[in-house]
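The values are calculated or read from the model by the stated rules, or taken from the named source; none is laboratory data. Keep in mind that what you see is a predicted model, and the values were worked out from it rather than measured. FYI the Cβ positions are ideal-geometry reconstructions off the backbone, even for glycines, and counts take in every protein chain you see. What goes into the accessible areas is simple: the full protein's heavy atoms, side chains included, and nothing from ligands, DNA or RNA. Shrake-Rupley method; radii C 1.70, N 1.55, O 1.52, S 1.80 Å.
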Amino acid sequence: MKSINWKKSFLLISIIVIFAGCTAKKEAKSAAQNEPVTLRIAWWGSQKRHDATLAVLDLYTKKTGVQFEAEFLPFDGYFTKLNTLAAAKNVWDIYQLGSNFPNYAESLEPLDPFVKSGAVDVSQIGEGILSTTRLGGDGDLLGISIGTNTYGIAYDPEMFQKAGVPEPTETWTWKDYEKACLKIHEKLGVYGSSKLDDFIAGGKVRIPQHDKNQGLFSKDGKSLGYTDDSPIVDYWKIRKTLVDAKAYPDPGRIYEIKDIESDLLVRGEAAMTWVASNQFISLCSAAKRPLKMAVVPREKENLPLGLDMQSSQQFGVYSGSKNKEEAAKFISFFVNDIEANRILQGERGVPVSTPVRTDLETFLNNETQKELYSFMTVMSRNASMEKNFDVPCHDEIKDLYWRIEDKVAFGKATPEEAAKEFRREAEAIFAKTFK
(Lines give C-alpha, C1' and ligand atoms only; values in the text may rest on other atoms or scores of the structure.)
Protein backbone atom coordinates (compact mmCIF):
# COMPACT_ATOMS: atom_id res chain seq x y z
CA MET A 1 0.00 0.00 0.00
CA LYS A 2 1.30 3.39 -0.97
CA SER A 3 1.79 5.88 1.82
CA ILE A 4 -0.38 9.00 1.67
CA ASN A 5 1.37 12.30 1.07
CA TRP A 6 -0.52 14.30 3.70
CA LYS A 7 1.01 17.63 2.70
CA LYS A 8 -0.18 17.31 -0.90
CA SER A 9 -3.61 16.05 0.19
CA PHE A 10 -4.06 18.93 2.63
CA LEU A 11 -3.11 21.43 -0.10
CA LEU A 12 -5.56 19.89 -2.57
CA ILE A 13 -8.40 19.88 -0.02
CA SER A 14 -7.68 23.52 0.84
CA ILE A 15 -7.84 24.52 -2.83
CA ILE A 16 -11.16 22.69 -3.26
CA VAL A 17 -12.65 24.33 -0.13
CA ILE A 18 -11.50 27.81 -1.19
CA PHE A 19 -12.84 27.31 -4.72
CA ALA A 20 -16.16 26.01 -3.39
CA GLY A 21 -16.38 28.96 -1.03
CA CYS A 22 -15.71 31.44 -3.82
CA THR A 23 -18.28 29.74 -6.02
CA ALA A 24 -20.87 29.83 -3.22
CA LYS A 25 -20.23 33.52 -2.61
CA LYS A 26 -20.50 34.27 -6.32
CA GLU A 27 -23.78 32.31 -6.58
CA ALA A 28 -25.17 34.07 -3.50
CA LYS A 29 -24.21 37.45 -4.94
CA SER A 30 -25.75 36.53 -8.31
CA ALA A 31 -28.95 35.39 -6.61
CA ALA A 32 -29.13 38.65 -4.66
CA GLN A 33 -28.65 40.64 -7.86
CA ASN A 34 -31.48 38.73 -9.52
CA GLU A 35 -33.92 39.27 -6.68
CA PRO A 36 -36.68 41.71 -7.70
CA VAL A 37 -36.44 45.22 -6.27
CA THR A 38 -39.22 46.06 -3.83
CA LEU A 39 -40.18 49.73 -3.44
CA ARG A 40 -42.24 51.07 -0.55
CA ILE A 41 -44.68 53.72 -1.77
CA ALA A 42 -47.39 55.78 -0.06
CA TRP A 43 -50.02 58.38 -0.88
CA TRP A 44 -53.27 59.85 0.45
CA GLY A 45 -56.57 60.27 -1.38
CA SER A 46 -59.93 58.80 -2.29
CA GLN A 47 -60.78 55.18 -3.01
CA LYS A 48 -60.84 56.02 -6.71
CA ARG A 49 -57.24 57.22 -6.44
CA HIS A 50 -56.19 54.13 -4.50
CA ASP A 51 -57.66 51.74 -7.07
CA ALA A 52 -56.15 53.55 -10.05
CA THR A 53 -52.72 53.88 -8.45
CA LEU A 54 -52.63 50.21 -7.48
CA ALA A 55 -53.48 49.29 -11.09
CA VAL A 56 -50.53 51.38 -12.30
CA LEU A 57 -48.22 49.65 -9.81
CA ASP A 58 -49.35 46.29 -11.21
CA LEU A 59 -48.70 47.55 -14.74
CA TYR A 60 -45.16 48.62 -13.81
CA THR A 61 -44.46 45.30 -12.12
CA LYS A 62 -45.49 43.46 -15.29
CA LYS A 63 -43.24 45.68 -17.38
CA THR A 64 -40.16 45.72 -15.12
CA GLY A 65 -40.45 43.09 -12.40
CA VAL A 66 -40.18 45.75 -9.70
CA GLN A 67 -42.42 44.91 -6.73
CA PHE A 68 -44.24 47.37 -4.46
CA GLU A 69 -45.33 47.59 -0.85
CA ALA A 70 -48.11 50.19 -1.07
CA GLU A 71 -49.68 52.15 1.76
CA PHE A 72 -52.53 54.62 1.31
CA LEU A 73 -54.16 56.64 4.06
CA PRO A 74 -56.59 59.52 4.69
CA PHE A 75 -54.99 62.96 4.47
CA ASP A 76 -54.61 63.61 8.21
CA GLY A 77 -53.47 60.10 9.02
CA TYR A 78 -50.97 60.22 6.17
CA PHE A 79 -48.98 63.11 7.59
CA THR A 80 -49.13 61.72 11.12
CA LYS A 81 -47.55 58.51 9.80
CA LEU A 82 -45.07 60.40 7.61
CA ASN A 83 -43.85 62.54 10.51
CA THR A 84 -43.37 59.42 12.63
CA LEU A 85 -41.39 57.68 9.87
CA ALA A 86 -39.30 60.80 9.19
CA ALA A 87 -38.34 61.02 12.87
CA ALA A 88 -37.36 57.33 12.80
CA LYS A 89 -35.49 57.82 9.48
CA ASN A 90 -37.55 55.08 7.87
CA VAL A 91 -39.69 56.86 5.26
CA TRP A 92 -41.21 55.08 2.24
CA ASP A 93 -38.96 54.94 -0.88
CA ILE A 94 -41.52 56.98 -2.84
CA TYR A 95 -44.05 59.23 -1.17
CA GLN A 96 -46.61 61.85 -2.06
CA LEU A 97 -46.43 65.47 -0.90
CA GLY A 98 -48.13 68.77 -1.71
CA SER A 99 -46.93 72.36 -1.56
CA ASN A 100 -45.63 71.57 1.94
CA PHE A 101 -42.71 69.60 0.45
CA PRO A 102 -40.07 72.14 1.62
CA ASN A 103 -40.91 71.04 5.19
CA TYR A 104 -39.54 67.60 4.27
CA ALA A 105 -36.49 68.75 2.27
CA GLU A 106 -34.06 66.79 4.45
CA SER A 107 -35.97 63.59 3.70
CA LEU A 108 -36.12 64.15 -0.07
CA GLU A 109 -33.43 63.13 -2.54
CA PRO A 110 -32.67 65.78 -5.22
CA LEU A 111 -33.67 64.33 -8.60
CA ASP A 112 -31.39 66.51 -10.75
CA PRO A 113 -28.70 63.79 -11.03
CA PHE A 114 -31.33 61.30 -12.24
CA VAL A 115 -32.57 63.83 -14.79
CA LYS A 116 -29.00 64.26 -16.00
CA SER A 117 -28.45 60.48 -16.24
CA GLY A 118 -31.74 59.98 -18.13
CA ALA A 119 -33.38 57.89 -15.39
CA VAL A 120 -36.00 60.64 -15.08
CA ASP A 121 -37.36 62.08 -18.34
CA VAL A 122 -38.51 65.71 -18.05
CA SER A 123 -38.16 66.54 -21.75
CA GLN A 124 -41.95 66.89 -22.15
CA ILE A 125 -42.52 68.83 -18.91
CA GLY A 126 -42.33 72.61 -18.96
CA GLU A 127 -39.83 74.39 -16.72
CA GLY A 128 -42.69 76.34 -15.18
CA ILE A 129 -44.17 73.08 -13.90
CA LEU A 130 -40.77 71.78 -12.76
CA SER A 131 -40.25 74.99 -10.79
CA THR A 132 -43.24 74.13 -8.58
CA THR A 133 -41.31 71.19 -7.12
CA ARG A 134 -37.93 72.92 -6.92
CA LEU A 135 -36.86 74.17 -3.51
CA GLY A 136 -37.58 77.90 -3.51
CA GLY A 137 -38.76 77.65 -7.13
CA ASP A 138 -35.23 77.48 -8.58
CA GLY A 139 -33.24 75.17 -6.28
CA ASP A 140 -32.94 71.38 -6.08
CA LEU A 141 -35.63 69.36 -7.85
CA LEU A 142 -37.18 67.56 -4.86
CA GLY A 143 -39.90 65.72 -6.72
CA ILE A 144 -41.92 65.60 -9.91
CA SER A 145 -45.46 67.00 -10.05
CA ILE A 146 -48.02 64.26 -10.67
CA GLY A 147 -50.73 66.68 -11.73
CA THR A 148 -51.43 70.38 -12.00
CA ASN A 149 -54.56 71.93 -10.61
CA THR A 150 -56.10 75.16 -9.47
CA TYR A 151 -59.30 76.33 -7.84
CA GLY A 152 -62.55 77.48 -9.35
CA ILE A 153 -66.28 77.84 -8.85
CA ALA A 154 -68.38 74.82 -9.79
CA TYR A 155 -71.99 75.71 -10.61
CA ASP A 156 -75.29 74.24 -11.75
CA PRO A 157 -76.17 75.84 -15.13
CA GLU A 158 -79.80 74.72 -14.83
CA MET A 159 -80.23 76.62 -11.57
CA PHE A 160 -78.76 79.75 -13.14
CA GLN A 161 -81.17 79.41 -16.06
CA LYS A 162 -84.22 78.89 -13.83
CA ALA A 163 -83.29 81.94 -11.74
CA GLY A 164 -82.71 84.07 -14.85
CA VAL A 165 -79.08 84.70 -13.88
CA PRO A 166 -76.36 84.88 -16.56
CA GLU A 167 -73.72 82.15 -16.25
CA PRO A 168 -70.29 83.31 -15.00
CA THR A 169 -67.87 84.69 -17.59
CA GLU A 170 -64.10 84.65 -17.74
CA THR A 171 -64.03 88.19 -16.30
CA TRP A 172 -66.91 88.16 -13.81
CA THR A 173 -66.41 90.07 -10.54
CA TRP A 174 -67.17 89.60 -6.85
CA LYS A 175 -70.07 92.02 -7.28
CA ASP A 176 -71.42 89.74 -10.03
CA TYR A 177 -71.03 86.79 -7.67
CA GLU A 178 -72.88 88.63 -4.89
CA LYS A 179 -75.76 89.61 -7.21
CA ALA A 180 -76.03 86.06 -8.57
CA CYS A 181 -76.22 84.59 -5.05
CA LEU A 182 -78.92 87.02 -3.97
CA LYS A 183 -81.08 86.52 -7.06
CA ILE A 184 -80.76 82.73 -7.04
CA HIS A 185 -81.85 82.67 -3.40
CA GLU A 186 -84.72 85.04 -4.15
CA LYS A 187 -85.99 83.04 -7.15
CA LEU A 188 -85.27 79.45 -6.09
CA GLY A 189 -85.17 79.57 -2.29
CA VAL A 190 -81.75 77.86 -2.15
CA TYR A 191 -78.34 79.18 -1.21
CA GLY A 192 -76.68 81.08 -4.03
CA SER A 193 -73.43 79.43 -3.03
CA SER A 194 -72.23 76.62 -0.83
CA LYS A 195 -69.09 77.33 1.20
CA LEU A 196 -66.02 78.84 -0.43
CA ASP A 197 -62.52 78.31 0.90
CA ASP A 198 -62.54 81.81 2.36
CA PHE A 199 -58.90 81.73 3.43
CA ILE A 200 -57.86 81.27 -0.20
CA ALA A 201 -60.63 83.32 -1.81
CA GLY A 202 -60.71 86.17 0.70
CA GLY A 203 -57.00 86.31 1.49
CA LYS A 204 -54.66 84.57 -0.91
CA VAL A 205 -56.70 85.59 -3.98
CA ARG A 206 -58.25 88.94 -3.05
CA ILE A 207 -54.99 90.63 -2.04
CA PRO A 208 -53.08 90.08 -5.35
CA GLN A 209 -56.29 90.88 -7.22
CA HIS A 210 -56.13 94.30 -5.58
CA ASP A 211 -52.35 94.69 -5.99
CA LYS A 212 -50.45 92.13 -8.07
CA ASN A 213 -47.21 92.99 -6.24
CA GLN A 214 -48.58 91.96 -2.85
CA GLY A 215 -49.79 88.70 -1.32
CA LEU A 216 -51.18 87.42 1.93
CA PHE A 217 -47.62 86.47 2.95
CA SER A 218 -44.31 88.21 2.27
CA LYS A 219 -41.94 86.62 -0.23
CA ASP A 220 -39.60 85.41 2.51
CA GLY A 221 -42.55 83.83 4.35
CA LYS A 222 -41.77 85.62 7.61
CA SER A 223 -44.59 88.15 7.78
CA LEU A 224 -47.83 89.32 6.20
CA GLY A 225 -47.26 90.53 2.65
CA TYR A 226 -49.80 93.35 2.31
CA THR A 227 -50.29 96.85 3.71
CA ASP A 228 -53.91 97.60 2.72
CA ASP A 229 -56.67 95.77 4.62
CA SER A 230 -59.41 96.78 2.16
CA PRO A 231 -59.39 93.59 0.01
CA ILE A 232 -60.12 91.42 3.07
CA VAL A 233 -62.59 93.98 4.46
CA ASP A 234 -64.51 94.08 1.16
CA TYR A 235 -64.64 90.29 0.96
CA TRP A 236 -65.98 89.98 4.51
CA LYS A 237 -68.62 92.62 3.75
CA ILE A 238 -69.89 90.52 0.81
CA ARG A 239 -69.92 87.39 2.91
CA LYS A 240 -71.78 89.12 5.75
CA THR A 241 -74.38 90.49 3.31
CA LEU A 242 -75.00 87.03 1.85
CA VAL A 243 -75.19 85.28 5.24
CA ASP A 244 -77.69 87.88 6.51
CA ALA A 245 -79.81 87.38 3.36
CA LYS A 246 -79.60 83.57 3.79
CA ALA A 247 -78.06 83.40 0.32
CA TYR A 248 -74.90 81.87 1.85
CA PRO A 249 -74.73 79.35 4.73
CA ASP A 250 -73.87 80.62 8.20
CA PRO A 251 -70.85 79.14 10.04
CA GLY A 252 -72.95 76.52 11.80
CA ARG A 253 -74.30 75.18 8.50
CA ILE A 254 -70.83 75.29 6.94
CA TYR A 255 -69.38 73.10 9.69
CA GLU A 256 -71.84 70.39 8.69
CA ILE A 257 -70.15 70.14 5.27
CA LYS A 258 -67.51 67.46 5.83
CA ASP A 259 -66.83 66.14 2.34
CA ILE A 260 -67.86 66.30 -1.32
CA GLU A 261 -70.97 64.20 -0.74
CA SER A 262 -72.29 66.63 1.90
CA ASP A 263 -71.58 69.77 -0.12
CA LEU A 264 -74.72 71.88 -0.56
CA LEU A 265 -74.28 72.02 -4.35
CA VAL A 266 -74.21 68.22 -4.47
CA ARG A 267 -77.37 68.08 -2.32
CA GLY A 268 -79.21 70.53 -4.60
CA GLU A 269 -79.33 73.17 -1.84
CA ALA A 270 -76.95 75.64 -3.51
CA ALA A 271 -76.12 76.76 -7.04
CA MET A 272 -72.35 77.15 -6.65
CA THR A 273 -69.42 75.88 -4.60
CA TRP A 274 -65.66 76.14 -4.33
CA VAL A 275 -63.72 73.25 -5.82
CA ALA A 276 -60.17 72.18 -6.61
CA SER A 277 -60.05 71.33 -10.31
CA ASN A 278 -58.83 67.78 -9.66
CA GLN A 279 -61.98 67.16 -7.54
CA PHE A 280 -64.43 68.40 -10.17
CA ILE A 281 -65.09 64.96 -11.67
CA SER A 282 -65.77 63.49 -8.21
CA LEU A 283 -68.07 66.44 -7.46
CA CYS A 284 -70.09 65.82 -10.63
CA SER A 285 -70.26 62.10 -9.88
CA ALA A 286 -71.61 62.82 -6.39
CA ALA A 287 -74.11 65.41 -7.70
CA LYS A 288 -75.39 63.05 -10.42
CA ARG A 289 -76.14 65.95 -12.76
CA PRO A 290 -74.19 68.16 -15.21
CA LEU A 291 -72.12 70.91 -13.60
CA LYS A 292 -69.79 73.54 -15.04
CA MET A 293 -66.61 75.29 -13.90
CA ALA A 294 -65.96 79.04 -13.73
CA VAL A 295 -62.87 81.02 -12.79
CA VAL A 296 -62.95 82.72 -9.40
CA PRO A 297 -64.44 86.24 -9.54
CA ARG A 298 -62.12 89.25 -9.88
CA GLU A 299 -62.16 92.55 -8.02
CA LYS A 300 -62.74 94.31 -11.36
CA GLU A 301 -62.94 93.03 -14.95
CA ASN A 302 -59.60 94.49 -16.00
CA LEU A 303 -57.65 93.47 -12.87
CA PRO A 304 -55.62 90.26 -12.34
CA LEU A 305 -57.26 86.97 -11.43
CA GLY A 306 -54.93 86.61 -8.45
CA LEU A 307 -54.94 82.82 -8.58
CA ASP A 308 -52.16 80.55 -9.81
CA MET A 309 -51.96 77.10 -11.31
CA GLN A 310 -50.09 74.77 -8.99
CA SER A 311 -48.79 71.29 -8.52
CA SER A 312 -51.61 69.32 -6.92
CA GLN A 313 -49.24 66.69 -5.53
CA GLN A 314 -45.78 65.39 -6.25
CA PHE A 315 -43.91 62.14 -5.83
CA GLY A 316 -40.51 62.36 -4.18
CA VAL A 317 -37.75 59.88 -3.35
CA TYR A 318 -36.68 59.34 0.25
CA SER A 319 -33.11 60.51 0.81
CA GLY A 320 -32.38 57.38 2.85
CA SER A 321 -33.78 54.91 0.30
CA LYS A 322 -31.55 52.02 -0.77
CA ASN A 323 -33.20 52.01 -4.21
CA LYS A 324 -33.14 55.69 -5.19
CA GLU A 325 -32.57 55.17 -8.90
CA GLU A 326 -35.33 52.56 -9.20
CA ALA A 327 -37.66 54.86 -7.30
CA ALA A 328 -36.79 57.76 -9.61
CA LYS A 329 -37.40 55.58 -12.69
CA PHE A 330 -40.87 54.70 -11.44
CA ILE A 331 -41.78 58.36 -10.93
CA SER A 332 -40.67 59.07 -14.50
CA PHE A 333 -42.90 56.23 -15.71
CA PHE A 334 -45.82 57.49 -13.62
CA VAL A 335 -45.82 60.93 -15.24
CA ASN A 336 -44.78 59.97 -18.80
CA ASP A 337 -46.38 56.63 -19.65
CA ILE A 338 -49.58 56.99 -21.70
CA GLU A 339 -51.01 53.60 -20.73
CA ALA A 340 -50.52 54.37 -17.04
CA ASN A 341 -52.16 57.76 -17.36
CA ARG A 342 -55.16 56.30 -19.17
CA ILE A 343 -55.66 54.31 -15.96
CA LEU A 344 -55.10 57.35 -13.72
CA GLN A 345 -57.31 59.62 -15.89
CA GLY A 346 -55.93 62.84 -14.43
CA GLU A 347 -57.48 62.23 -11.00
CA ARG A 348 -54.60 64.05 -9.28
CA GLY A 349 -54.84 66.95 -11.71
CA VAL A 350 -54.10 67.67 -15.35
CA PRO A 351 -51.03 65.60 -16.35
CA VAL A 352 -47.71 67.45 -16.58
CA SER A 353 -46.40 65.63 -19.68
CA THR A 354 -47.48 67.24 -22.96
CA PRO A 355 -47.96 63.95 -24.91
CA VAL A 356 -49.96 62.45 -22.04
CA ARG A 357 -52.12 65.55 -21.77
CA THR A 358 -52.76 65.53 -25.51
CA ASP A 359 -53.70 61.84 -25.45
CA LEU A 360 -56.11 62.26 -22.54
CA GLU A 361 -57.91 65.14 -24.23
CA THR A 362 -58.95 62.58 -26.87
CA PHE A 363 -59.19 59.52 -24.63
CA LEU A 364 -61.36 61.16 -21.94
CA ASN A 365 -64.37 61.97 -24.08
CA ASN A 366 -67.26 62.42 -21.64
CA GLU A 367 -68.77 65.85 -21.08
CA THR A 368 -67.53 66.27 -17.50
CA GLN A 369 -63.95 65.66 -18.51
CA LYS A 370 -64.30 68.00 -21.49
CA GLU A 371 -65.61 70.71 -19.16
CA LEU A 372 -62.61 70.26 -16.85
CA TYR A 373 -60.07 70.48 -19.67
CA SER A 374 -61.88 73.51 -21.10
CA PHE A 375 -61.68 75.20 -17.70
CA MET A 376 -57.96 74.46 -17.39
CA THR A 377 -57.43 75.99 -20.85
CA VAL A 378 -59.19 79.16 -19.65
CA MET A 379 -57.03 79.17 -16.51
CA SER A 380 -53.86 78.83 -18.57
CA ARG A 381 -54.73 82.19 -20.17
CA ASN A 382 -55.28 83.85 -16.81
CA ALA A 383 -52.79 82.33 -14.37
CA SER A 384 -49.10 81.60 -13.98
CA MET A 385 -47.46 78.69 -12.18
CA GLU A 386 -47.28 79.11 -8.41
CA LYS A 387 -43.82 79.94 -7.06
CA ASN A 388 -44.65 80.78 -3.43
CA PHE A 389 -44.96 77.97 -0.94
CA ASP A 390 -46.65 77.76 2.44
CA VAL A 391 -45.08 79.54 5.40
CA PRO A 392 -44.14 77.49 8.52
CA CYS A 393 -47.07 78.91 10.54
CA HIS A 394 -49.53 78.60 7.62
CA ASP A 395 -52.09 76.42 9.42
CA GLU A 396 -52.07 78.61 12.52
CA ILE A 397 -52.68 81.73 10.38
CA LYS A 398 -55.46 79.92 8.49
CA ASP A 399 -57.22 78.89 11.70
CA LEU A 400 -56.95 82.50 12.92
CA TYR A 401 -58.50 83.80 9.70
CA TRP A 402 -61.49 81.47 9.90
CA ARG A 403 -62.06 82.17 13.59
CA ILE A 404 -62.09 85.95 13.06
CA GLU A 405 -64.21 85.65 9.90
CA ASP A 406 -66.85 83.79 11.94
CA LYS A 407 -67.01 86.77 14.30
CA VAL A 408 -67.99 88.93 11.32
CA ALA A 409 -70.66 86.44 10.20
CA PHE A 410 -72.18 86.34 13.71
CA GLY A 411 -72.10 90.13 14.03
CA LYS A 412 -69.53 90.13 16.85
CA ALA A 413 -67.12 92.37 14.90
CA THR A 414 -67.33 94.65 11.88
CA PRO A 415 -65.21 93.72 8.85
CA GLU A 416 -62.90 96.67 9.61
CA GLU A 417 -62.45 95.63 13.26
CA ALA A 418 -61.91 92.02 12.25
CA ALA A 419 -59.25 92.91 9.67
CA LYS A 420 -57.29 94.87 12.29
CA GLU A 421 -57.58 91.99 14.74
CA PHE A 422 -56.41 89.50 12.11
CA ARG A 423 -53.36 91.65 11.29
CA ARG A 424 -52.45 92.11 14.96
CA GLU A 425 -52.75 88.43 15.88
CA ALA A 426 -51.10 87.20 12.66
CA GLU A 427 -48.10 89.43 13.28
CA ALA A 428 -47.86 87.99 16.80
CA ILE A 429 -47.85 84.46 15.36
CA PHE A 430 -45.04 85.34 12.95
CA ALA A 431 -43.06 86.98 15.76
CA LYS A 432 -43.39 83.83 17.88
CA THR A 433 -42.49 81.56 14.96
CA PHE A 434 -39.33 83.45 14.00
CA LYS A 435 -38.13 84.66 17.39
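Overview of results
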{"read-out": "Candidate residues ARG381, ARG342, ARG289: accessible-area rank, largest first, probe 1.4 Å", "value": "ARG381, ARG342, ARG289"}
{"read-out": "The chain: calculated mean residue ellipticity at 222 nm from DSSP helix runs of at least 4, using -39500 (n - 2.57)", "value": "-14500 deg cm²/dmol"}
{"read-out": "Estimated distance in nm for a label pair at THR38 and SER374, the labels positioned 7 Å out from Cα along Cα-to-Cβ", "value": "4.9"}
{"read-out": "Label point distance in nm, GLU396-GLU261, each placed 7 Å from Cα along Cα→Cβ", "value": "3.6"}
{"read-out": "By accessible area with a 1.4 Å probe, ligands and nucleic acids excluded, highest first: order of ARG424, ARG403", "value": "ARG424, ARG403"}
{"read-out": "Rounded D (µm²/s) - segment 281-435, Kirkwood Rh over Cα pairs, Stokes-Einstein at 4 °C, 1.567 mPa s", "value": "66"}
{"read-out": "Rg/Rh for the chain, where both radii come from Cα atoms and Rh is the Kirkwood radius", "value": "1.13"}
{"read-out": "Radius 13 Å from Cβ of VAL296, net charge of other residues (Lys, Arg +1; Asp, Glu -1)", "value": "-3"}
{"read-out": "Segment 239-306 - Kirkwood radius from inverse mean 1/r over Cα pairs (Å)", "value": "13.6"}
{"read-out": "Surface accessible to a 1.4 Å probe, per residue, for the residues of the chain, Å²", "value": "49"}
{"read-out": "Sequence ranges 263-272, 296-305, ranked by mean other-Cβ count within 10 angstrom, highest first", "value": "263-272, 296-305"}
{"read-out": "Net charge over other residues, Cβ less than 13 angstrom from the Cβ of GLU186 (K, R count +1; D, E count -1)", "value": "+4"}
{"read-out": "The chain: angle of helix 415-433 to the longest principal axis, Cα-based, in degrees nearest 10", "value": "20"}
{"read-out": "Antiparallel DSSP beta bridges within the chain, as percent of all bridges there, nearest 5", "value": "60"}
{"read-out": "Translational D in µm²/s for segment 193-333 (Stokes-Einstein at 25 °C, 0.890 mPa s, Kirkwood Rh from C-alpha pairs)", "value": "137"}
{"read-out": "With Cα atoms, 0 to 90° folded angle of helix 324-336 axis to the chain main axis", "value": "40"}
{"read-out": "Length added when fully stretched, GLU416-GLU71, from 0.36 nm per residue minus Cα-Cα", "value": "119.5 nm"}
{"read-out": "Percent accessible area from carbon and sulfur atoms, the chain, protein chains only, probe 1.4 Å", "value": "52"}
{"read-out": "Rh (Kirkwood; distinct C-alpha pairs) - segment 151-214, Å", "value": "12.9"}
{"read-out": "Descending semi-axes in Å of segment 304-379, equivalent ellipsoid built from Cα gyration tensor", "value": "27, 17, 8"}
{"read-out": "Sequence ranges 228-234, 177-183, ranked by mean other-Cβ count within 10 angstrom, highest first", "value": "177-183, 228-234"}
